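Input: a single structure, listed below in structure tokens.
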Amino acid sequence: TIVFTRYIVLSWQNRCSTDQRTLGGLFYDLCEEISDLDWVVALGQLLELLHDVLKESNKKIQKLIQCQLQHWIAGLPNYIKVYLPISVCES
């Protein structure tokens with residue numbers, strides 16, 4: 001146990017002195033500048049992407065995507081449905 005503990009500490013010290021991500025927290029400072037994508041924005045972008053695909057596909061694919069999308073929306077909890085655009089909920 002002592003040997004393994006000593007190895008872990010030595011490996012950690014080696015990483016701290018050679019790994020670029022540990023230079024004064026620079027890695028974490030850069031990560032903090034990137035804001036997290038809000039799930040409402042992500043959901044909106046996903047629906048917009050699906051809408052663009054619908055425009056460029058044939059009638060059979062459009063019908064299939066719309067049917068699957070309606071089933072997916074119907075299965076969502078109400079607190080998520082509130083954030084959906086009105087045009088998506090219409091049939």
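The values are calculated or read from the model by the stated rules, or taken from the named source; none is laboratory data. For clarity, every value in this text was computed on a predicted model and none was experimentally measured. All Cβ positions, even for glycine, are placed from backbone atoms using ideal geometry, and neighbour counts span all protein chains on display. Note: accessible area is taken over every heavy atom of the protein model, side chains too, but ligands, DNA and RNA are not part of it. Shrake-Rupley method; radii C 1.70, N 1.55, O 1.52, S 1.80 Å.
Spin-label model, GLN45 to ARG6: label points 7 Å out along the Cα-to-beta-carbon direction sit 5.1 nm apart. Ranking HIS51, HIS71 by solvent-accessible area of protein heavy atoms (1.4 Å probe, all protein chains present), from largest to smallest, gives HIS71, HIS51. Here's the thing: no lysines lie within a cross-link span of LYS81, going by alpha-carbon distance under 16 Å and ignoring same-chain residues fewer than 8 apart.
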